[in-house]
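What follows is a single structure, written as structure tokens, with notes after it.
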Amino acid sequence: MSAALSGMEKDVARLLACYDVRTEVEQIAGRLGVTENYVRVILRKLREKRHELWPQHIRDVRPLGLLTAVVYTRTPVGEATRISDLERLGIPLYRYLHSYRATLDNMHIYSYLLPEGYVYELIPEIERKLNGEIELGVTIPLQFDCNKPRRLPRPGSLHEEISKALRVLEEVPQAKINLLDLMIYAGLDLNPLAGVRELQDPSPIYSERLEIEGLSHRLNYRRLAQRYRQLSAAKLVGRVLLLAAAIGSDRPIPLFIRVRRDCFPILYAFALATWSTPSIFLGEETVATVLVLPDEATEYARQLLGECILYVGVVTRGFGTTIPVEMYDPFEGQWVLNPQPLPNLLRRLGFLASS
């Protein structure tokens, strides 16, 4: 997994977890004492290597009116690479499924982003069809500190990170979201290193969410760039964790870990110190995430979290997709249960560029 990076490429890659690759090139250059053009050259190289770098979009979905529901079950599912595969496999409310993971010991973990307004109506169907334990909560993004090096923390050395974890619980961002914002979220879910010009092209989203090909649409650049800057300034989108660059290991282990809810601060602090995940699920009773760690660090994580751990397993396969942008009705201002005609809605709302 580990991509060969020069020293400067590693430095820039690290800073992308704290600075927006699209709007804060000047700040990145200032931190490194180089020119903005030089940073852009490095960014171009990182984009060329992005599939080797495991880029993870650090974004906050809490203002979108979506809650996270995680299902734990021993019921297996077949392979899925497309949204239509989920339908074929009989996954309930498959358009709201955000990710699926299977572990070495046959635990299957489904993560949904569900509409806040009628989430309790949907949970029984998921619970019944997947025959598992389900927990409702929110997804908390990590707020990395680029002044601190990645490290394996010693017990008792995480006071600052734990303080940050407790602050994060109190800081719930508020924002009024529209369909264009959701297109930005979805575009960055697919390509966290994309430039704003690349986000103008909605065809990757059409392909991923609707399996529609061949539409030559472009989003209105002025409106797109304006909304992007606002979302980025609010730190809702835009930062990127390049896992391969952060880990620096040829033998990374994706470790799914679930702990008691009162252990959220220590898990958040450990993830922050090790740069091993972009977000953590905070449930009503438990907390969970996938930590991508060097082989030698996995046992250390188990020891540090100790009695907090309720379940830990090595992830062997999975599926992930974007936020369910096609399930939002912009005229009603709410999430719905049937997919909407996304290309037509973008046109009607004036979000497409004039041909």
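One table, with the values for the structure above:
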item: Candidates Val287, Val292, Val325, filtered to the one that is in contact with a helix residue (DSSP H, G or I) (Cβ under 6 Å, 6 or more places away or on another chain), buried (at least 18 other Cβ atoms within 10 Å of the Cβ) and under 17 Å from Tyr96 (Cα atoms); result: Val325
item: Given (1) farther than 26 Å from Leu179 by Cβ; (2) at pLDDT below 95; (3) not hydrophobic (A, V, I, L, M, F, W, C), index of the condition His108 fails; result: (2)
item: Residue tally, condition part of a helix (DSSP H, G or I) and exposed (fewer than 15 other Cβ atoms within 10 Å of the Cβ), over the stretch 204-217; result: 0
item: Members of the stretch 130-182 that are modelled with pLDDT under 75, surrounded by 17 or more Cβ atoms within 10 Å (Cβ to Cβ) and either more than 21 Å from Thr289 (Cα to Cα) or among the small types (Gly, Ala, Ser) (or both); result: Ala165
item: Enumeration of residues in the stretch 237-286 that are of a type in the set (Phe, Trp, Tyr) and within 29 Å of Met183 (Cβ to Cβ); result: Trp275, Phe281
item: Some residue of the stretch 328-351 being touching a residue at least 40 places away in the same chain (Cβ under 8 Å) and touching a Lys or Arg at 6+ places or on another chain (Cβ under 6 Å); result: no
item: Condition broken by Pro92, with the remaining ones in (1) more than 24 Å from Phe264 (Cα to Cα); (2) modelled with pLDDT under 85 satisfied; result: (2)
item: Verdict on Ala17 being surrounded by 15 or more Cβ atoms within 10 Å (Cβ to Cβ), out of contact with any Lys or Arg (no Cβ under 9 Å at 6 or more places or on another chain) and small (Gly, Ala, Ser); result: no
item: Identity of the residue in the stretch 62-109, part of a helix (DSSP H, G or I) and of a type in the set (Asp, Glu), that ends up nearest to Asp329 (Cα to Cα); result: Glu87
item: Residues of the stretch 189-203 that turn out to be touching a Phe, Trp or Tyr at 6+ places or on another chain (Cβ under 9 Å) and assigned to a helix (DSSP H, G or I), as a count; result: 3
item: Some residue of the stretch 302-316 being in contact with a Ser or Thr (Cβ under 6 Å, 6 or more places away or on another chain), more than 27 Å from Leu114 (Cα to Cα), modelled with pLDDT under 90 and surrounded by 17 or more Cβ atoms within 10 Å (Cβ to Cβ); result: no
item: Residue within the stretch 34-56 that is in contact with a Phe, Trp or Tyr (Cβ under 9 Å, 6 or more places away or on another chain) and outside any helix (DSSP H, G or I) present; result: no
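Residue-wise test of (1) of a type outside the set (Ser, Thr, Tyr); (2) surrounded by 15 or more Cβ atoms within 10 Å (Cβ to Cβ); (3) modelled with pLDDT of 95 or more.
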position	(1), (2), (3)
Arg62	yes, yes, no
Thr68	no, yes, yes
Val71	yes, yes, yes
Arg74	yes, no, no
Glu87	yes, no, no
Thr103	no, yes, yes
Tyr120	no, no, no
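Results for (1) assigned to a helix (DSSP H, G or I); (2) of a type outside the set (A, V, I, L, M); (3) under 17 Å from the mean Cα position of the chain (by Cα); (4) closer than 30 Å to Ala353 by Cβ, shown as yes or no for each residue.
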{"position": "Gln230", "(1), (2), (3), (4)": "yes, yes, no, yes"}
{"position": "Lys235", "(1), (2), (3), (4)": "no, yes, yes, yes"}
{"position": "Ala246", "(1), (2), (3), (4)": "yes, no, yes, no"}
{"position": "Leu255", "(1), (2), (3), (4)": "no, no, yes, no"}
{"position": "Cys263", "(1), (2), (3), (4)": "yes, yes, no, no"}
{"position": "Tyr268", "(1), (2), (3), (4)": "yes, yes, yes, no"}
{"position": "Ala273", "(1), (2), (3), (4)": "yes, no, no, no"}
{"position": "Ser276", "(1), (2), (3), (4)": "no, yes, yes, no"}
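The values are calculated or read from the model by the stated rules, or taken from the named source; none is laboratory data. What you see is a predicted model, and the numbers here were worked out from it, not measured in a lab. Note: ideal-geometry Cβ built from the backbone for every residue, glycine included; neighbour counts use all protein chains shown.
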